[in-house]
Amino acid sequence: MVIQECLALKKNIANDKGAVTFDCPNCGNYKIIRSRKAREIVAKYICPSCGFSGPN
């Protein structure tokens with residue numbers, strides 16, 4: 001079993017109905033995982049593959 005973890009808050013997203021997973025908008029080489037809480041508080045994340053930071 002693979003545990004999926006929010007990139008910004010380092011929390012397990014199992015059973016997190018507001019969590020999202022998407023490819024890095026810059027390089028597309030890394031799956032960005034964001035919890036509902038990270039999205040609500042607009043927590044920044046950094047792609048480990050290319051260094052892109054978001055949101056904004």
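Numerical summary
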{"quantity": "Ellipticity estimate at 222 nm from DSSP helix runs (n ≥ 4, -39,500 (n - 2.57)) divided over the chain, nearest 500", "calculated": "-1500 deg cm²/dmol"}
{"quantity": "For the range 20-26, Karplus couplings with θ = phi - 60° (6.51, -1.76, 1.60), whole Hz, Gly/Pro x", "calculated": "10, 10, 8, 6, 3, x, 8"}
{"quantity": "Loop chymotrypsin sites (Phe, Trp or Tyr not before Pro), the range 14-56, which have at most 12 other Cβ atoms in a 10 Å radius of their Cβ (DSSP)", "calculated": "none"}
{"quantity": "Projected-area average for the chain over all orientations - Cα convex hull basis, square nanometres", "calculated": "3.8 nm²"}
{"quantity": "Residues D16, D23 arranged by fewest to most Cβ contacts within 10 Å", "calculated": "D23, D16"}
{"quantity": "In nm, spacing of pseudo-spin labels at T21 and V2 (7 Å Cα→C-beta vector)", "calculated": "0.6 nm"}
{"quantity": "Label-to-label distance, nm, for residues given as A14 and I41 (7 Å Cα→Cβ offset)", "calculated": "2.2 nm"}
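Throughout, read-outs are computed from the coordinates displayed, never taken from laboratory work. Fair warning: this is a prediction, and the values are worked out from it, not measured in the lab. Methodologically, a virtual Cβ is constructed for each residue, glycine included, from the backbone with ideal geometry; neighbour enumeration extends over all protein chains shown.
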